[in-house]
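Colleague: Following this message is one structure expressed as structure tokens.
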Amino acid sequence: MSRLAPPVSRWRFVIEPRWIAWHLFAVVAVIGMLWLGDWQLHRALGGNALSWAYTFEWPVFAVFGVVFWAKTILDQGKLPEAGTSTAQGSTAAGLGLPGTASRRPAAGAPDEDEVEDDPELDEYNAYLGRLNRQAQARGPR
Amino acid sequence: MHAQSLRLVVGAYRGLAWLTGVGIITVFFIGIPLQIWAHNLFIVKYVGTAHGILYIIYLVVAFAMTRAVGVPLFSPVTIVNWRTVIVLAAGTVPVLTFYVERWVSRQYIAPALAAAGGAPREHPVLR
């Protein structure tokens, strides 16, 4: 299995400025969560029994944050065309994501039409279901 | 991923989403008013702690679910994809939990189950 020498490492994206900004955010967030855990520990030692739960909760969140960030980097690094910023436009296609995944990636919340029932879609699904039942009732030909 | 393990992680996610959703609503709309106006800490203390523990489990299970059904972690525009983040954060926002569960079911879980050969209930593919 011979590989053509890649011009740049596929992990090159990790040092792009946008990614570095997120790395910094991840580090600050993890330190913040550990600090909150430490703060709760002091409250717990001060006699606030409720704080014991949070004393253990925050470090768990911190670990989860590390896992989440590592998974995000690994997901991107495993893509064959990852590595250069020019390839990023095609990453959604490379992931094999559902069509909606990259449609409006910058929105801040689930869109109304996605959250609410779509009567048209329901009707179409019911129609497909009817067709399927009819086909099955007739049996294979 | 096999249809059976997919259904298992989806079922666990739905159960935990319901529990954390009910928990955070109870704390927010009953526990906190009681704490403020009646100085009664009972619900905040016990339901709040239970929600906190359940949320840790929710976080792990919901993350496994998003990976299994293909909710993206990466976005070409924002890098961190808000879809997965919203699913994970939903367990801490009153009422939102239920909306997010419905949305992720329709957008990701139903297609993933159909693709894995699970019950072709909604999108029967005639071959």
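The values are calculated or read from the model by the stated rules, or taken from the named source; none is laboratory data. Since we're looking at a predicted model, the values are computed, not measured. With ideal geometry, Cβ positions are generated from the backbone for all residues, glycine too; neighbour counts draw on all protein chains shown.
Colleague: Is it the case, given these coordinates, that B:Val27 is over 27 Å from A:Val14 (Cβ atoms) and either within 16 Å of the chain's Cα centre (by Cα) or in contact (Cβ under 8 Å) with a residue 12 or more places away in the chain (or both)?
Modeller: Judged against the criteria, B:Val27 is a match.
Colleague: Now for a different question. Among the residues of region A:14-50, write down those that are of a type in the set (Gly, Ala, Ser) and modelled with pLDDT under 85.
Modeller: Within region A:14-50, A:Gly47, A:Ala49 qualify.
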